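Input: a single structure, listed below in structure tokens.
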Amino acid sequence: MNKFVFIAPMFNASATLQRMLHSIYGQSYENWQLILIDDISDDNHREHCEKLLNLFESFAPGKTTVIWNDKKMWEVANALKGISLCEDEDIICRIDADDWLVDLDALMIMNSAYVQTKCDVAWSAHRWSYSDRNISAPLPDDVDPYQYPWVTSHLKTFRKKLINDVNDINFRGEDGEYIKRAGDQAIYLPVLKKSQKRFFVPRVLYHYTIVDEPQTYQTKDAIFQKDEAVFLRKRGYVS
């Protein structure tokens with residue numbers, strides 16, 4: 001059986017973590033692990049998180065590992081830290097602590113995709129909050145993912161071994177530091193570039209929490225994230 005490992009960096013996730021945990025612990029497919037990485041939350045997150053995990057772990061012990069950072073690392077560095085704890089054949093799943101899986105058979109469906117197609121990368125359709133918006137779609141085999149529109153969004157999964165020999169510079173921005181906001185593309189574009197077989201699951205399996213309004217994309221954080229993504233795509237894959 002394939003083992004799926006969720007990597008979930010989190011920051012001030014007290015209000016949303018329980019919903020995400022419910023969606024993972026409730027999966028019908030049981031061969032999974034969860035790595036939570038707290039990036040210096042400044043609310044009561046640690047106390048809340050420990051209480052929740054004590055409850056969930058009483059029903060399914062040994063499923064979750066929690067890392068409490070002692071310095072701010074941001075998304076990509078946290079994701080890489082979690083991925084480094086995984087084995088080569090593990091299937092990595094990125095999930096945000098304010099998002100959740102919308103189908104309790106999500107992992108069963110993804111596992112079937114890996115088994116039946118022999119792919120090493122797979123992603124699913126998703127929804128933007130409670131709307132019917134979804135930007136995920138198939139990625140043609142003959143295109144460079146760096147030059148193609150971003151269609152490989154949530155639920156993003158891949159075999160861990162694909163990232164083993166990726167040049168570390170691919171995860172860094174123009175200033176030489178790890179990408180802070182455009183983490184989805186910084187991690188997934190190199191994986192897509194190296195994959196031998198990609199597969200899109202055209203079923204909504206993931207809830208992406210976002211306020212889909214014009215002002216959302218006009219904040220400093222949103223502009224910064226867009227600039228990081230533009231830089232990554234312009235630079236392309238560094239072998």
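The values are calculated or read from the model by the stated rules, or taken from the named source; none is laboratory data. Being a predicted model, the structure only gives us computed values, none of them experimental. Methodologically, a virtual Cβ is constructed for each residue, glycine included, from the backbone with ideal geometry; neighbour enumeration extends over all protein chains shown.
Some observations on this one:
- Unmet criterion (only one of (1) of a type outside the set (Lys, Arg); (2) free of Cβ contacts under 8 Å to residues at least 12 places away in the same chain; (3) under 19 Å from Ser153 (Cβ atoms)) for Ser112: (3)
- Met20 vs. criteria touching a His at 6+ places or on another chain (Cβ under 8 Å) and either under 19 Å from Lys81 (Cα atoms) or modelled with pLDDT of 95 or more (or both): no
- Considering residues of segment 146-165 that are closer than 19 Å to Arg235 by Cβ and surrounded by 19 or more Cβ atoms within 10 Å (Cβ to Cβ) only, the residue modelled with the highest pLDDT: Ile163
- Pairs linking a residue in segment 34-58 that is within 12 Å of Pro9 (Cβ to Cβ) and in contact (Cβ under 8 Å) with a residue 24 or more places away in the chain to a residue that is of a type in the set (Asp, Glu) and surrounded by 13 or more Cβ atoms within 10 Å (Cβ to Cβ), with Cβ atoms under 9 Å and 6 or more positions apart or on different chains, are Asp39/Glu75.
- Among the candidates Asp88, Asp96, residue that is part of a loop (DSSP other than H, G, I, E, B) and more than 18 Å from Arg19 (Cβ to Cβ): Asp88
- Filtered residue count, segment 107-127, keeping only those that are surrounded by 15 or more Cβ atoms within 10 Å (Cβ to Cβ), out of contact with any Ser or Thr (no Cβ under 7 Å at 6 or more places or on another chain) and part of a loop (DSSP other than H, G, I, E, B): 1
- Residue in segment 16-28 that is outside any helix (DSSP H, G or I) and over 27 Å from Lys118 (Cβ atoms) present: yes
- Checking segment 176-197 against the condition returns a match, with at least one residue being assigned to a strand (DSSP E or B) and either surrounded by fewer than 22 Cβ atoms within 10 Å (Cβ to Cβ) or of a type outside the set (Lys, Arg) (or both).
- Residue check, Val238 in contact with a helix residue (DSSP H, G or I) (Cβ under 8 Å, 6 or more places away or on another chain), of a type outside the set (Ser, Thr, Tyr) and more than 21 Å from Trp74 (Cα to Cα): yes
- Of all the criteria given as (1) more than 15 Å from Val76 (Cβ to Cβ); (2) more than 13 Å from the chain's Cα centre (by Cα); (3) in a loop (DSSP other than H, G, I, E, B), the one not satisfied by Thr152 is (2).
- No other residue among Leu104, Leu34 is surrounded by fewer than 17 Cβ atoms within 10 Å (Cβ to Cβ), within 21 Å of His207 (Cβ to Cβ) and of a type outside the set (Ser, Thr, Tyr) apart from Leu104.
- Screening segment 128-145 for residues that are surrounded by 17 or more Cβ atoms within 10 Å (Cβ to Cβ) and not polar (S, T, N, Q) and picking the one that is farthest from Trp100 (Cα to Cα) gives Pro145.
- Across segment 179-200, the number of residues qualifying as under 23 Å from Ser23 (Cα atoms) and in contact with a Phe, Trp or Tyr (Cβ under 7 Å, 6 or more places away or on another chain) comes to 1.
- Any hit, segment 30-53, residues being closer than 25 Å to Phe224 by Cα and of a type in the set (Phe, Trp, Tyr): no
- Within segment 143-168, the residues that satisfy the criterion of being farther than 20 Å from Pro202 by Cβ and free of Cβ contacts under 8 Å to residues at least 60 places away in the same chain are Leu162, Asp165, Val166, Asp168.
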